[in-house]
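The values are calculated or read from the model by the stated rules, or taken from the named source; none is laboratory data. Computed from a prediction, not measured in an experiment: that's the story for all the values here. Counting neighbours? That spans all protein chains shown, and the Cβs are built from the backbone with ideal geometry, glycine included.
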Amino acid sequence: MTEQNAYQQAGVDIKAGEKAVELMKDAVADTYTDNVLDGIGGFGAAFALGSDYKNPVLVSGADGVGTKLLLAIAANKHDTIGQDLVAMVANDILAQGAKPAFMLDYLAVDKMRPEVVATIVTGVAKAAKASGMALIGGESAELPGLYAPNHYDLAAFAVGIAERDQLLDPNRVKLGDVLIGLPSSGIHSNGYSLVRHVLGIKTDADFNHLATETQETLMTPTALYAKSVWPLVSQGMIKSMAHITGGGLTENLPRAYTTNLSAQVNWGSWPMLPIFNTLQAAGNLSVDDMLLTFNNGLGMVLVVKPEDSKQVIAQLSEVSQPAYLIGEMTARQDDSVVFQGVAPW
């Protein structure tokens, strides 16, 4: 007798996958702009650049969420992890001087649970829309045997568009330019392996035994900067920019200027979120470890002309984006990033 539903018996539930698509499709369609010619359902997704560009450049990015996923799985909370995913690629593209345009996501699961999958992708869609991007397509894969029970992985692939002469250029940064820091919402999506280590989170139970406030703080999604910062980029107000991810200020800020300059950053010029003090104390971490692993309260740093700084901060304030004058560019010192004042640890 011929075997029926053999693929399902092997662990892949096609019907569950179809249900997941049905549950998420409205949230995905809500991200579409007039540029989207063909989205979910085809073998590929089509996006029209339009005729407004003279010399368009496409800027692409790919990233994941990292081990923050383990906390989402432990908490069984999947509605905000998509924002972490979107922020990683949208903020990177913005830092190049491009406007995020569209993205695709990849979600691999141990078992297709339609409601969980739809919750994750709906979170991706909401964050994509908030960043001005169409979630133009993606892939959800059920991979029995590859992932532990209830585990999954997320990745994003995004594209932004810019006029060639609009792209931000580290070579344009000069002595005396100022640094404007945009606060992070928390740890964002970098350094969670160290977070779990210093807080003793080895199992789901370890996470769930933490104070509720601590759990919520660790799960706070990454800030999205595209909506507030893009108008400044389009106006030519930003010379360069750094997205502060893994490697912190120490490794990411130097990507925004040339090797003959140093960024002088003033301790105390931006709010230090309590979670970073908690992590430092829990792990007895050195200043160098803190700087190399965490954003320490700064998610994005803009480099602007000194005469433009007040206007930049004022425009950001108008759209409720806090911003702080955190330092300036100097002639090359011993390190590419130097800190002035008293360190918090």
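Contact list please: Cβ distance under 6 Å, first residue in segment 284-309 and under 16 Å from residue 270 (Cα atoms) and among the hydroxyl-bearing types (Ser, Thr, Tyr), second residue modelled with pLDDT under 95 and in a strand (DSSP E or B), pairs at least six apart or on different chains.
The qualifying pairs do not exist here.
Assess whether residue 205 counts as being part of a helix (DSSP H, G or I) and not β-branched (Val, Ile, Thr).
Answer is yes for this residue.
Could you tell me which residue of segment 297-332 is farthest from the chain's Cα centre (by Cα), considering only residues that are within 20 Å of residue 226 (Cβ to Cβ) and surrounded by fewer than 17 Cβ atoms within 10 Å (Cβ to Cβ)?
311
Which members of segment 174-223 meet the condition of being over 22 Å from the mean Cα position of the chain (by Cα), assigned by TED's automatic domain parsing to the domain that holds residue 320 and of a type outside the set (Asp, Glu)?
Listed by number, the residues that qualify are 174, 175, 176, 178.
Report whether or not residue 218 is assigned to a strand (DSSP E or B) and closer than 30 Å to residue 101 by Cα.
So residue 218 fails the test.
Residues checked against (1) small (Gly, Ala, Ser); (2) in contact with a Phe, Trp or Tyr (Cβ under 8 Å, 6 or more places away or on another chain):
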site	(1), (2)
181	yes, yes
188	no, no
191	yes, yes
195	no, no
198	no, no
207	no, no
212	no, no
215	no, yes
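Output the residues belonging to segment 95-122 that are within 18 Å of the chain's Cα centre (by Cα), in a helix (DSSP H, G or I) and over 22 Å from residue 191 (Cα atoms).
121, 122
Looking only at segment 131-182, count every residue that is part of a loop (DSSP other than H, G, I, E, B) and surrounded by 18 or more Cβ atoms within 10 Å (Cβ to Cβ) and tell me the total.
So the answer is 6.
Quick check on segment 149-162. Is at least one of its residues of a type outside the set (Lys, Arg), within 21 Å of residue 27 (Cα to Cα) and either over 20 Å from the mean Cα position of the chain (by Cα) or outside the structural domain of residue 33 (by TED's automatic domain parsing) (or both)?
No, every residue in segment 149-162 fails to be of a type outside the set (Lys, Arg), within 21 Å of residue 27 (Cα to Cα) and either over 20 Å from the mean Cα position of the chain (by Cα) or outside the structural domain of residue 33 (by TED's automatic domain parsing) (or both).
Please verify whether segment 333-340 includes one or more residues that are in contact with a Pro (Cβ under 6 Å, 6 or more places away or on another chain), closer than 14 Å to residue 179 by Cβ and surrounded by 17 or more Cβ atoms within 10 Å (Cβ to Cβ).
Yes, there is a match, as at least one residue in segment 333-340 is in contact with a Pro (Cβ under 6 Å, 6 or more places away or on another chain), closer than 14 Å to residue 179 by Cβ and surrounded by 17 or more Cβ atoms within 10 Å (Cβ to Cβ).
Within segment 57-65, is even one residue surrounded by 13 or more Cβ atoms within 10 Å (Cβ to Cβ), under 14 Å from residue 152 (Cβ atoms) and either out of contact with any Gly (no Cβ under 8 Å at 6 or more places or on another chain) or at pLDDT below 85 (or both)?
yes
From (1) in a helix (DSSP H, G or I); (2) in contact (Cβ under 8 Å) with a residue 12 or more places away in the chain, pick out the condition that doesn't hold for residue 50.
Among (1) in a helix (DSSP H, G or I); (2) in contact (Cβ under 8 Å) with a residue 12 or more places away in the chain, the lone unmet condition for residue 50 is (1).
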